Amino acid sequence: MALAMPRGNGKTSIAVRAALWALLTGRRRFVVLIAAEQGLADALVSVLKAELQFNDRLAEDWPEVCHPIRKLENITKRQQGQTLNDAPTRIKLAASEIVLPTVKGSAASGGIVRAVGLTGSVRGQIATADGETIRPDLVLVDDPQTRESAKSPTQVAYRLALLNADVLGLAGPGKEIACMALVTVVYPNDLSARLLDREANPAWQGRRYRLLGAMPTDLTGWDEYGELRRESLRRFGDNRLGNEFY
C-alpha cells in the first residue's frame, strides 16, 4: 500500500509505530525500514529505539521487551553479557539495527528491525532469530525519494524498479511480504505519483489524504482574511489582524 500525506502529517511517526506494533504483538519477526538514504533510515531506528527505552506506557504493556533494554542504560558493552534467568537475551541496539531480547514466552522474542537506504544494499537481507535464519516479512518505506531524484525521470524509474523488484522480493522466492510506503508527491509523475497510480502500478494500493478536505463555498471572507494577514505581517511581523478578523 502507498499512502500519500502532506509533509508534517506524521508519516514517520506512523511508520515507526507500525513497525513497533507489528513486532511487539508477534505479527511480524523481521521488519525493514527503508528511506531515500541510509542516514534517513537510521533516523527511523533512533526514534524506535527511544520509544523502547523511554516510553513508560509501552514498558507497562511489554515489560519483557522494554525492561531488558532499559537495564542496558545505553551502555553498548552490556549487550553481549546480558542474561535473563541465566539465558542470554541476545539483545542488540545499533545505529542501523535493533534485535529485541530473546525471552521465553514473549511474542516479540528476537524480533528484528533493520534500516536500509533504498539505493544501498537492499538485496539479501537475512538474519538469525532464536537460532533460525529468517527473511523480512514487513517493509515500511518512508519517503523513498529526495527532491532531486523526484525531478529525474531516470532516478524515478530506477527507484521504482528497486521497490518493485528488490524490496518486494526480500521475503524470498514464492513468499509474500507486506509493504507500506508513506509518500509525498513532490512533482507530477514522480516516484510517489507513480506508486499512487493504480493503472500504472496495480500491485500497489494507492491512497491520498488531502491537506484540504474541500474548498470553502464562500471565498470572499478568505480573500479579506488574506489581505489582512499580509498587512499584519508587514506592519507587526505577526498575524494579529488576521486572527482578530477570524
Sole miss for GLY172 among (1) open to solvent by 40 Å² or more (accessible area, probe 1.4 Å); (2) out of contact with any Ser or Thr (no Cβ under 6 Å at 6 or more places or on another chain) is condition (1)
Residues of the range 207-245 being among the hydroxyl-bearing types (Ser, Thr, Tyr) and modelled with pLDDT under 90, in sequence order, are TYR209, THR217, THR220
Note: among ALA203, ALA178, ALA127, just one is closer than 23 Å to ARG27 by Cβ, touching a residue at least 60 places away in the same chain (Cβ under 8 Å) and open to solvent by 20 Å² or more (accessible area, probe 1.4 Å), namely ALA178
Give the residues of the range 79-99 that are of a type in the set (Val, Ile, Thr) and either open to solvent by 30 Å² or more (accessible area, probe 1.4 Å) or assigned to a loop (DSSP other than H, G, I, E, B) (or both), sorted by residue number.
THR83, THR89, ILE91
Of the residues SER121, SER109, which single one is open to solvent by less than 40 Å² (accessible area, probe 1.4 Å) and either free of Cβ contacts under 8 Å to residues at least 24 places away in the same chain or of a type in the set (S, T, N, Q) (or both)?
SER109
Looking at the range 212-231, I want the residues that are open to solvent by less than 70 Å² (accessible area, probe 1.4 Å) and have a partner that is of a type in the set (A, V, I, L, M) with Cβ atoms under 7 Å, at least 6 apart or on another chain. Which pairs are those?
LEU228/LEU241; GLU231/LEU241
Candidate set from the range 15-47 (those that are part of a helix (DSSP H, G or I) and under 18 Å from GLN145 (Cβ atoms)); member that is most open to solvent (accessible area, probe 1.4 Å):
LEU40
In the range 233-246, the residues that are within 39 Å of the chain's Cα centre (by Cα) and either surrounded by 14 or more Cβ atoms within 10 Å (Cβ to Cβ) or acidic (Asp, Glu) (or both)
LEU233, ASP238, ASN239, ARG240, GLY242
Would you check which residues across the range 48-62 are open to solvent by 50 Å² or more (accessible area, probe 1.4 Å) and either outside any helix (DSSP H, G or I) or basic (Lys, Arg) (or both) and list them?
ARG57, TRP62
Please state which one of THR76, THR102 is polar (S, T, N, Q), touching a Ser or Thr at 6+ places or on another chain (Cβ under 9 Å) and either part of a loop (DSSP other than H, G, I, E, B) or modelled with pLDDT of 90 or more (or both).
THR102
Specify which of the listed residues (ARG57, ARG27) is within 21 Å of ASP137 (Cα to Cα) and of a type outside the set (A, V, I, L, M, F, W, C).
ARG27
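The values are calculated or read from the model by the stated rules, or taken from the named source; none is laboratory data. The model shown is predicted, which means the values in this text are computed figures rather than measured ones. Virtual Cβ from ideal backbone geometry, glycine too; neighbours counted across all protein chains shown. All accessible areas refer to the heavy atoms of the entire protein, side chains included, with ligands and DNA or RNA removed. Shrake-Rupley method; radii C 1.70, N 1.55, O 1.52, S 1.80 Å.
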